[in-house]
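The values are calculated or read from the model by the stated rules, or taken from the named source; none is laboratory data. In this text, all values refer to a predicted model and were calculated from it rather than measured experimentally. Glycine gets a Cβ as well: all are built from the backbone with ideal geometry, and neighbour counts include every protein chain shown. In case anyone asks, the SASA skips ligands and DNA or RNA and just uses the protein heavy atoms, side chains included. Shrake-Rupley method; radii C 1.70, N 1.55, O 1.52, S 1.80 Å.
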Amino acid sequence: MSVIEPGFNGFTNLTFRFFRLLEKNNNLEWFNKNRELYQNNIVQPAKAFVTAIGPFFNQLNPAIRTEPKFNATLMRLNKDMRFAKGAPYKNYFLIHFGRFKMDSEFYVYIDKTGLSYGLFLNNSRDENLYFDKNVPKFKNDLKLVFTKYGIDGKYNLLTFEKEPTILKKNFKYEHDSDLLNKTKFILLEKFIPDGKAILFKPAFLTEMIKAFSKLYPLYCFAITPDPLRLLEEFEENLGIAT
């Protein structure tokens, strides 16, 4: 698979600084005064990233949403105060790529400390979700996916309830697979701290394409009762970005 030409220039130093400032000034007045800072350093580069990576996801699976819009691939910063108390804004920004709300999905998560990326797996029981059914059914195939695509031991395993919590650093399927059965909302995640040069360069897009193409074979087990057919199509038509 060829890497698409990026139309994305990276994030900025102010992307992460904004959340450090917001933590100290989480109120409507401060946010309104600094709305331009938010738009220029978070919303604008996030939309550019979604636009640039969209053709990759369209090739990968056309059902994955790629519109650079809020409530599609971008999560709004403001909380719904009908159901939340306290500070009116979230202290993070989420870019995500799935088929529908609460689907398993690829994500980029930004806060004051840096940027995390990975794969969210919804292990709930639902007629449109398949990971909980496929984990016991395809144990050997899942083991092969982790090793063949180079993700074994490369990602931390987290559970997500109210806050992400690390269950296992450098998750290895053969030794740690039992944790998958005990976790409703699974995150396989890597972290890039603020200050790393890759965050501020167009090359970040290429790194995400490589990472998501390696995670896609695992994603296949979350979205269909026949993951091996989907995996075969991926290997025949696309494969890993280089």
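Go through Ile95, Ile53, Ile42 for me and flag whichever is hydrophobic (A, V, I, L, M, F, W, C), closer than 16 Å to Leu199 by Cβ, open to solvent by less than 60 Å² (accessible area, probe 1.4 Å) and part of a strand (DSSP E or B). So that I can check it myself, show each step before the final result.
Working: Ile53 fails: part of a strand (DSSP E or B); Ile42 fails: part of a strand (DSSP E or B).
Exactly one of Ile95, Ile53, Ile42 is hydrophobic (A, V, I, L, M, F, W, C), closer than 16 Å to Leu199 by Cβ, open to solvent by less than 60 Å² (accessible area, probe 1.4 Å) and part of a strand (DSSP E or B), namely Ile95.
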request  = Determine which single condition Asn128 fails, assuming it passes every other condition in (1) part of a loop (DSSP other than H, G, I, E, B); (2) touching a residue at least 60 places away in the same chain (Cβ under 8 Å); (3) of a type outside the set (Gly, Ala, Ser).
outcome  = (2)
request  = Would you confirm whether any residue within region 60-67 is modelled with pLDDT of 95 or more, open to solvent by less than 10 Å² (accessible area, probe 1.4 Å) and within 16 Å of the chain's Cα centre (by Cα)?
outcome  = yes
Filtered residues of region 24-57 (kept if within 16 Å of the chain's Cα centre (by Cα) and without any contact (Cβ under 8 Å) to a residue 24 or more places away in the chain) = Gly54
message = Give all pairs with beta carbons closer than 6 Å in which a residue from region 76-102 that is within 20 Å of Lys47 (Cβ to Cβ) meets a residue that is basic (Lys, Arg) and at pLDDT 90 or above; count only pairs at least 6 apart in sequence or on separate chains.
response = Leu77/Lys90
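How many residues are touching a residue at least 60 places away in the same chain (Cβ under 8 Å), closer than 20 Å to Lys214 by Cβ and open to solvent by 20 Å² or more (accessible area, probe 1.4 Å) if we restrict to region 131-140?
Keep residues of region 131-140 that are touching a residue at least 60 places away in the same chain (Cβ under 8 Å), which gives 131, 133-135, 138.
Applying the additional criterion that residues be closer than 20 Å to Lys214 by Cβ yields 131, 134-135, 138.
From what is left, the residues that are open to solvent by 20 Å² or more (accessible area, probe 1.4 Å) are 138.
Adding up the residues that qualify gives 1.
Right, Phe70: more than 30 Å from Glu233 (Cβ to Cβ), among the aromatic types (Phe, Trp, Tyr) and open to solvent by less than 20 Å² (accessible area, probe 1.4 Å) or not? Quick ask: steps written out before the conclusion?
Numbers: more than 30 Å from Glu233 (Cβ to Cβ): yes; among the aromatic types (Phe, Trp, Tyr): yes; open to solvent by less than 20 Å² (accessible area, probe 1.4 Å): no.
Spelling it out, it is not the case that Phe70 is more than 30 Å from Glu233 (Cβ to Cβ), among the aromatic types (Phe, Trp, Tyr) and open to solvent by less than 20 Å² (accessible area, probe 1.4 Å).
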request  = Run down Tyr107, Tyr149, Tyr92, Tyr117 and say which single residue is under 28 Å from Leu205 (Cα atoms) and in contact with a His (Cβ under 6 Å, 6 or more places away or on another chain).
outcome  = Tyr107
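Filter region 156-178 down to residues that are in a strand (DSSP E or B) and touching a Phe, Trp or Tyr at 6+ places or on another chain (Cβ under 8 Å) and give me whichever is least open to solvent (accessible area, probe 1.4 Å).
Taking region 156-178 first, the residues in a strand (DSSP E or B) are 156-160, 164-168.
Imposing the further condition that a residue be touching a Phe, Trp or Tyr at 6+ places or on another chain (Cβ under 8 Å) reduces the set to 156-157, 159-160.
Details: Asn156: 41, Leu157: 1, Thr159: 26, Phe160: 75 Å².
Per the criteria, the residue is Leu157.
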inquiry  = Test of understanding: among Asp103, Asp111, which residue is under 25 Å from Leu14 (Cβ atoms), among the charged types (D, E, K, R), open to solvent by less than 60 Å² (accessible area, probe 1.4 Å) and under 17 Å from the mean Cα position of the chain (by Cα)?
reply    = Asp111
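Does region 179-195 include one or more residues that are free of Cβ contacts under 8 Å to residues at least 24 places away in the same chain and surrounded by 14 or more Cβ atoms within 10 Å (Cβ to Cβ)?
Our first condition is that a residue be free of Cβ contacts under 8 Å to residues at least 24 places away in the same chain; within region 179-195, this holds for 179, 182.
Those still in the list that are surrounded by 14 or more Cβ atoms within 10 Å (Cβ to Cβ) too: 179.
Yes, that holds for at least one residue.
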